[in-house]
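**Q** I have a structure here, written as structure tokens, and I will follow up with some questions on it.
The values are calculated or read from the model by the stated rules, or taken from the named source; none is laboratory data. Since this is a predicted model, take the numbers as computed values, not measurements. Reconstructed Cβ throughout: ideal geometry from the backbone, glycine too, with neighbour counts over all protein chains shown.
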Amino acid sequence: MKKILIFILFLIFITGCHAKEEVGMIMEKSEHSMISIHYPITHIKKIDKKVKNYVEEVYSNFQENYVSGDTLQPELNIDYTYDFYSERYFVITLFTYINDYSFDTATTDVFSLVYDSSSKKFLTLLDVVSPNDWTILLEKTKIKLMKDYENELNEQKLDEFLGDFPVKNVYFSIHPNDLTLYFLGSQISDFDDRFFAISFSSSEIPFTLQLESSVAINYEEILETESSIDPTHPVVALTFDDGPTSYTEKILDILKQEEAVATFFVLGNKVEMYPDVIRRIVEEGSEIGNHSYNHKWLSRLSVNEIKWQVDKTQEEIFSITGKYPRYLRPTYGSINKRIYTATSLNVVLWTIDPKDWKSKSSKEIAKDVYEVVEDEDIVLMHDNHKRTIDAVSILIPKLKELGYQFVTLSELEEVKKLREFY
Ligand code: ZN
């Protein structure tokens, strides 16, 4: 009973804190356990959710593995460091310490995140250490780890782990004068109940946080527009090719009503015709991609011709939205080397094609998506048929029922990155 009560209090603590209080806290003293948890509250949804997930996970593992076991008054402590600087970067590290007094050493764990409130992205090591400096980072990481933790590492595991660097899960924190890397015990040693940390000064490893060129951010705007995608739940990206057309607004109406977003692969020559639609797509949180200027079969063109198709469309879109698209979907889904030579845009196809261009009913189109849909799918449709609009109005509620969140391609990429990283 007491545990339930404490857990409820805990939930109130971590979900109900809307005041400008910046520290979340759980303190529990009982004959069963001692708990002291402190964590930062930033009021940036994305960050707070991650921190909360971590704290919740540690808390429930502790209850399960220690409190309900027969250890004598185990202790759980979570503490943190939190820096916000240049009006731009949030750097948060949480340290977990568990001591059940049955062993000489305590169990430790770490969790960290670096968030750029300007790009609204969590940074990875790739964002702060240039690829040119990776070799030196790897070398120095190994030397430093071996020096500081000589007898505690499993060198074979360490080599394997560093071999895959940086794709794997490496927590880090960054400050104007130092970069700290955290390794979980299971990654590089035979201990899975502790972590290892090493720090570099900027003279040892060149790292950047663009601290000087800080962009003044509108804090309120972040709070309002912060995306609330939960990476632990399935996502799907709807995409529409060949527009904009007079039907595109209808799709935007449905998206707006359903609070969903999509990605529109537009043709450069139509962009000039529908500037308001282009503007609206961006304003309402959806994304614009490049689908060539006039739907030439790109893979059959020369490098220079492809380049013209792509670049001209980029400029058309930029002139209206002030943003360059990040993705190219080649016409007819046809890709070859020349396309990659002609452009550095990310080339994206799809994973579900309900063939909405064929004469089939809206119900069939919708069904051909929701019956096969899986997490992270990219759905190809076209915003130039009436039946597609009707299909979308059937499809979106159905996908919601199945628990799907709608993401743009950039958001999909971000979700994938988060899932890989954490
Ligand atoms: Zn097309």
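**Q** Is it the case that some residue within the range 168-178 is surrounded by fewer than 17 Cβ atoms within 10 Å (Cβ to Cβ), modelled with pLDDT under 85 and under 29 Å from L412 (Cβ atoms)?
**A** yes
**Q** Where residues in the range 225-273 are part of a loop (DSSP other than H, G, I, E, B) and within 16 Å of the ligand (Cβ to nearest atom), which of them is surrounded by the fewest Cβ atoms within 10 Å (Cβ to Cβ)?
**A** From the range 225-273, those part of a loop (DSSP other than H, G, I, E, B) are 226-234, 244-247, 259-262, 267, 272-273; that's our starting set.
From what's left, within 16 Å of the ligand (Cβ to nearest atom): 244-245, 247, 262, 267.
On the way: P244: 26, T245: 20, Y247: 18, A262: 27, L267: 22.
Here the answer is Y247.
**Q** Of everything in the range 390-401 that's hydrophobic (A, V, I, L, M, F, W, C) and under 16 Å from E259 (Cα atoms), which residue is nearest to the ligand (Cβ to nearest atom)? Spell out the reasoning first.
**A** Narrowing the range 390-401 to residues hydrophobic (A, V, I, L, M, F, W, C): 391-392, 394-396, 399.
Restricting the remaining residues to those that are under 16 Å from E259 (Cα atoms) gives 392, 394-396, 399.
Details: V392: 17, I394: 23, L395: 20, I396: 22, L399: 23 Å.
Here the answer is V392.
**Q** Separate question: For a quick check of your reading of the model, give me the residue pairs whose first member lies in the range 393-408 and is surrounded by 15 or more Cβ atoms within 10 Å (Cβ to Cβ), whose second is part of a helix (DSSP H, G or I) and at pLDDT below 95, with beta-carbon atoms closer than 7 Å and at least 6 apart or on different chains.
**A** Pairs that qualify, where the first residue is surrounded by 15 or more Cβ atoms within 10 Å (Cβ to Cβ) and the partner is part of a helix (DSSP H, G or I) and at pLDDT below 95, are V407/V415.
**Q** So in the range 77-96, with the set limited to residues that are in a strand (DSSP E or B) and among the acidic types (D, E), which one is nearest to N177 (Cα to Cα)? Break it down into steps so the answer makes sense when it comes.
**A** Within the range 77-96, the first condition is being in a strand (DSSP E or B), and the residues that meet it are 77-85, 89-96.
Checking which are among the acidic types (D, E) leaves us with 79, 83.
On the way: D79: 22, D83: 13 Å.
Restricting to residues being in a strand (DSSP E or B) and among the acidic types (D, E), the top hit is D83.
**Q** If you scan the range 294-331, which residues turn out to be within 16 Å of the ligand (Cβ to nearest atom), exposed (fewer than 14 other Cβ atoms within 10 Å of the Cβ) and assigned to a helix (DSSP H, G or I)?
**A** Scanning the range 294-331 gives a single hit, R300.
**Q** Here are the criteria: (1) over 15 Å from H382 (Cα atoms); (2) within 16 Å of the ligand (Cβ to nearest atom); (3) at pLDDT 95 or above. Tell me which single one P354 does not satisfy.
**A** If we test P354 against (1) over 15 Å from H382 (Cα atoms); (2) within 16 Å of the ligand (Cβ to nearest atom); (3) at pLDDT 95 or above, just (1) comes out false.
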